[in-house]
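The values are calculated or read from the model by the stated rules, or taken from the named source; none is laboratory data. Every value quoted in this text rests on a predicted model; they were computed, and no experiment measured them. Here the Cβ positions follow ideal geometry from the backbone for every residue, glycine too, while neighbour counts run over all protein chains shown.
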Amino acid sequence: MADESPSAREQFKAHDRTLPFQGEEAIDADCLECFDYAYADRPVADRVDIVTTTDEFTSVCPFSGLPDFARVTITYTPDRRCIELRSLKYYLMSYRNVGIWYEHLVNRMLEDLVRACAPRRMRIEIACLPRGGLASTVVAEYARPDADR
């Protein structure tokens, strides 16, 4: 007895759907707050890195509007200011409904965070969960010209 059920290709149709999403103007860099780094003028200052990681980052595909999930790791050597974590969480959450390519996301985030805290160095790594079987990791780095290590 032959199976006469329709194939997946016959049964399901692509509907050319796109979910609504926001543009980059929805990213809220104004919410970022910093506090003074008390060790800025001490010899140890250039050897201290602050590493902040979250597995809860989401944005959306700028083509389909479907959600993208990523692990974000922010590593920086502070100069005079440190990023306040509550405000960083609000900033990261502002990406939640933004349609943005990974390659643009990492650069935008680096620009915003460098502008907020003016670190000696900063590295942002975005490890994106697989989409279509492909996982991507995108890294952007900043080093102040006088910040050699």
Mind listing whichever residues of the stretch 43-82 are more than 27 Å from Ile100 (Cα to Cα), in contact with a strand residue (DSSP E or B) (Cβ under 7 Å, 6 or more places away or on another chain) and either modelled with pLDDT under 95 or not in a strand (DSSP E or B) (or both)? Asp46, Val48, Asp49, Pro78, Arg80
Could you tell me whether any residue of the stretch 109-116 is part of a helix (DSSP H, G or I), touching a Ser or Thr at 6+ places or on another chain (Cβ under 7 Å), closer than 19 Å to Glu56 by Cα and of a type outside the set (Phe, Trp, Tyr)? no
Do we have Leu88 as closer than 23 Å to Cys31 by Cα and among the aliphatic types (A, V, I, L, M) here? yes
Counted residues, the stretch 83-98 - those being in a helix (DSSP H, G or I), of a type outside the set (Ser, Thr, Tyr) and touching an Asp or Glu at 6+ places or on another chain (Cβ under 6 Å): 0
Checked the stretch 112-139 for anything over 15 Å from Arg71 (Cβ atoms) and either of a type in the set (A, V, I, L, M) or free of Cβ contacts under 8 Å to residues at least 40 places away in the same chain (or both); matches are Leu113, Val114, Ala116, Ala118, Met122, Gly132, Gly133, Leu134
